[in-house]
Amino acid sequence: MALNMTLLPYPKFQVVSVPGGAGLYIDGKTANCTTPCNITLTPGTHTLVFKKEGFRDYETMVRAHAGDSGVISVALTDLSGRKYSLDPRIKEGNQNKWPQRREQRASFQYPLPPPTCSEAF
């Protein structure tokens, strides 16, 4: 009996925040990367938290599947309530005061540069 298997690579993502320089925590542990950076996840659901001094923490859930890759991008809100925009045409941000939590399905088709984090979370 022959067993045929196709192994898919771990999910790999480029992580970007606006503004940059946010520390990234994955499932409550530091990822030892500051945005922009590259991460490798294990398949499954993960909690990502972005922390930057002078800004509110940003938490998001990511569902990663084997072979996924792409960009995870977030816009941070400063302590005064001004949300920074991912859209380069918007320079001042807005006063969006909605809670900073959302869920992302991490299935993208963008090529990524080689990862810089060697640990898989």
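The values are calculated or read from the model by the stated rules, or taken from the named source; none is laboratory data. Note that this is a predicted model, so its numbers are computed, not measured. For neighbour counting, all protein chains shown are included, and Cβ atoms are generated from backbone atoms with ideal geometry for every residue, glycine included.
With Ala66, Ala31 as the choices, which residue is surrounded by fewer than 18 Cβ atoms within 10 Å (Cβ to Cβ), hydrophobic (A, V, I, L, M, F, W, C) and under 30 Å from Thr6 (Cα atoms)?
Sole residue among the options that is surrounded by fewer than 18 Cβ atoms within 10 Å (Cβ to Cβ), hydrophobic (A, V, I, L, M, F, W, C) and under 30 Å from Thr6 (Cα atoms): Ala66.
Tell me which of these Thr42 doesn't satisfy, since it passes every other one: (1) at pLDDT 95 or above; (2) surrounded by fewer than 20 Cβ atoms within 10 Å (Cβ to Cβ); (3) not acidic (Asp, Glu).
(1)
Results for (1) under 10 Å from the mean Cα position of the chain (by Cα); (2) part of a loop (DSSP other than H, G, I, E, B), shown as yes or no for each residue.
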residue	(1), (2)
Ser17	yes, no
Gly20	no, yes
Ala31	no, no
Met61	yes, no
Gly67	no, yes
Ile72	yes, no
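Collect the residues in the range 42-78 that are aliphatic (A, V, I, L, M) and touching a Leu at 6+ places or on another chain (Cβ under 9 Å), keeping them in residue-number order.
Leu48, Val49, Met61, Val62, Ala64, Ala66, Val71, Ile72, Val74, Ala75
Residues are listed down the side, and each one gets a yes or a no for (1) among the hydrophobic types (A, V, I, L, M, F, W, C); (2) touching a residue at least 12 places away in the same chain (Cβ under 8 Å):
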{"site": "Gln14", "(1), (2)": "no, yes"}
{"site": "Ala22", "(1), (2)": "yes, yes"}
{"site": "Ile26", "(1), (2)": "yes, yes"}
{"site": "Thr30", "(1), (2)": "no, no"}
{"site": "Leu48", "(1), (2)": "yes, yes"}
{"site": "Thr60", "(1), (2)": "no, yes"}
